[in-house]
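Everything below concerns the one structure shown next.
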Amino acid sequence: MTNRSLFLTSILMLLVTQWHAYAGVAQDKELQQIDLIQNNLNTQYEWIEYRYNQSVSECYGKFWMQRCMDKARVIFLKDKKIVRDQEIALHDRQRVVNEIIKDEKDQQRIAEYQDPQKVKERAENRAAYEEKQRLRAEREAELEERRKDAENRALQNRKTSPLD
């Protein structure tokens, strides 16, 4: 294990041990830090894959090729497991941080919803909407009545027309 992976492991363990809640800005910074660590873990995965491919290509030149490839595969899986364990802990912490952010947003949304001014505004909006619906129903009823009466008015207008 290289110094870099030891450094990343220590940072990861530091993140995992901090389970208490932070303010929203702190979670955003922590998520950025988690993204940075994830990028480093992805780089480690690529490096492990590269070393494995190099080992396999070297094995083709040896007499005991299959044994060499098996050893390279064991080393590959061992290194990959180390990085995967770090990644699992990182993802656990990321889920916790995202849950904290979601809880804070939910609490903020509830507080906004229960704000007396907003409640009053919603009641006024609801009353205005109901009034508009009532006026619309009255207009439709009046229009329907005028449509029923349209033929009689048309006949009446023809009778009073000076052009006849």
- Spin-label point model (7 Å from Cα, Cβ direction): what's the Ile88 to Leu135 distance in nm? 6.5 nm
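Applying 1/(1 + (r/R0)^6) with R0 = 35 Å to the Cβ-Cβ distance of Glu49 and Val25, what FRET efficiency is obtained, to the nearest 0.05? List each step's numbers first, then the result.
Numbers: r = 37 Å, r/R0 = 1.04.
The pair Glu49/Val25 has a calculated efficiency of 0.45.
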- Please list, or write none, the lysines whose alpha carbon is within less than 25 Å of the alpha carbon of Lys81, excluding same-chain residues fewer than 8 places away. Lys71
- Proximal lysines to Lys132, defined as alpha-carbon separation beneath 29 angstrom and excluding residues fewer than eight positions away on the same chain: Lys118, Lys120, Lys148
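With charges only on Cβ, +1 for K and R and -1 for D and E, what is the dipole size of the stretch 115-159 about its Cα centre, in debye, rounded to 20? Spell out each step's value before the answer.
Details: 14 positive and 12 negative charges, 46 e Å.
The dipole magnitude comes to about 220 debye.
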- Message: Can you return the aspartates and glutamates within cross-link range of Lys78? Criterion is Cα-Cα under 15 Å, with same-chain partners fewer than 8 residues away left out.
- Response: Glu46, Glu49, Asp70, Glu87
- Query: What distance in nm separates the simple spin-label points at Val56 and Gln33, each placed 7 Å from Cα in the Cβ direction?
  - Reply: 3.7 nm
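A short reminder: the numbers here are calculations on the coordinates, not readings from a lab. Just so it is clear, the structure is predicted and the values come from calculations on it, not from any experiment. A quick note on method: Cβ atoms are made from the backbone with ideal geometry, for glycine too, and the neighbour counts reach across all protein chains shown.
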